[in-house]
Amino acid sequence: MPGPEQIRDSQRQAWAGLAAGWAKWDSVIMDQLGPVGAAIMDGLGVVDGRRHLDIASGTGEPGLSIARRWPAGHVVLTDLVPEMLDVAARRARAQGIANIDTTVCGADELPFDGDSFDSVSVRFGYMFFPDLARATAEFARVLKPGGRLCSSVWIEPERNPWTATAMRAIATEVVLPTPAPDAPGMFRCAAPGRVSALYADVGLSDIAEWDVPVHLVTESPDQYWQVVSEHVAPVVAALRQVDQPARERIRARAVADVRAFKANGVVRVPGLARCIVGTAP
Ligand SMILES: C[S@@+](CC[C@H](N)C(=O)[O-])C[C@H]1O[C@@H](n2cnc3c(N)ncnc32)[C@H](O)[C@@H]1O
């Protein structure tokens, strides 16, 4: 298992390379993940005029939605990767959202004072942190007493055909290594109770988990392939290992398989996320 600095370096490199794909397919990705952002906002119960911290904001969500909904509040968007936060800042400008700022930092070394935020969100970031316990301790440290932390993670691949369809096609050409236990990756936090236990260890209370269904909706099977092959981290990483003919066979297989999800003129592939909320002492 690589050390924390190696994990940070490889995450930095991977996400810097994915920023353009996330920007290109912004509306498709945001439509897919929107229900999870909405669930996180419900879990946080944020009220206007407060200070909110969004961790691993990537291209800005759910931080920007929180800033839009609570215009008298202030939201700090953070991420390890400046290229992702640049897209977030562009999205904020395009949407006329001014009550935000951005800070490049890792989740387990937050450059903020203790007790300085009323709430913290982490949408699909937990799985990539070098040290989950240390990151959770940081979230608890910066939260004011009674402030809430709400995060989301992916449930196992079988419940997420939106990535599993592409990964199954890739597996026909590439031997995908079994990830080391607790190695960073999309499904690292899939086990029920995994994130809740981290919350409990740092003294959060009123911890609850619930599942949130999502759908990746594209205009066609071909567009499904473009979207997932240009922004989904494990798909992009695996495709780097193959030559052009193999890539074309994988594409053809994924496009054929995803037709099973075609209905009413679109391709609607399901997935399932889990949200976890807790309250600081
Ligand atoms: C799947 S994206 C989620 C982006 C956004 N929250 C969303 O839901 O649309 C994961 C993000 O985690 C960030 N990340 C990876 N390792 C990190 C770390 N150690 N600390 C903070 N952010 C990290 C990546 O740069 C990437 O932007």
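The values are calculated or read from the model by the stated rules, or taken from the named source; none is laboratory data. For clarity, every value in this text was computed on a predicted model and none was experimentally measured. In this analysis, Cβ positions are derived from the backbone assuming ideal geometry, glycine residues included, and neighbour counts consider all displayed protein chains.
Data overview
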read-out: Number of the exception - Trp154 against (1) of a type in the set (A, V, I, L, M, F, W, C); (2) modelled with pLDDT of 95 or more; (3) out of contact with any Cys (no Cβ under 8 Å at 6 or more places or on another chain); value: (3)
read-out: Among residues of the stretch 148-178, those that are within 16 Å of the ligand (Cβ to nearest atom) and of a type outside the set (A, V, I, L, M, F, W, C), counted; value: 5
read-out: Val217 vs. criteria among the β-branched types (Val, Ile, Thr) and not in a helix (DSSP H, G or I); value: yes
read-out: Residues located in the stretch 38-58, provided they are crowded, with 20+ Cβ neighbours inside 10 Å, on the phi < 0 side of the Ramachandran plot and not charged (D, E, K, R); value: Ala39, Ile40, Gly43, Leu44, Val46, His52, Leu53, Ile55, Ser57
read-out: Residue match in the stretch 241-251 (condition: in contact (Cβ under 8 Å) with a residue 40 or more places away in the chain, in contact with a Lys or Arg (Cβ under 8 Å, 6 or more places away or on another chain) and not in a strand (DSSP E or B)); value: no
read-out: Filter pass, Phe128 being aromatic (Phe, Trp, Tyr) and under 25 Å from Ile7 (Cα atoms); value: yes
read-out: Residue check, Asp206 on the phi > 0 side of the Ramachandran plot and of a type outside the set (Gly, Ala, Ser); value: yes
read-out: So Asp131, is it modelled with pLDDT of 95 or more, more than 20 Å from Thr279 (Cβ to Cβ) and either over 18 Å from the mean Cα position of the chain (by Cα) or within 11 Å of the ligand (Cβ to nearest atom) (or both); value: yes
read-out: Selected residue (only one of Ala94, Ala72 is of a type in the set (A, V, I, L, M, F, W, C), surrounded by fewer than 19 Cβ atoms within 10 Å (Cβ to Cβ) and farther than 25 Å from Val232 by Cα); value: Ala72
read-out: Residue in the stretch 241-262 that is at pLDDT below 95 and over 22 Å from Pro35 (Cβ atoms) present; value: yes
read-out: Test: residue in the stretch 193-213 that is of a type in the set (A, V, I, L, M), assigned to a strand (DSSP E or B) and within 16 Å of the ligand (Cβ to nearest atom); value: yes
read-out: Residue within the stretch 174-197 that is within 30 Å of Pro145 (Cα to Cα), touching a Cys at 6+ places or on another chain (Cβ under 8 Å) and hydrophobic (A, V, I, L, M, F, W, C) present; value: yes
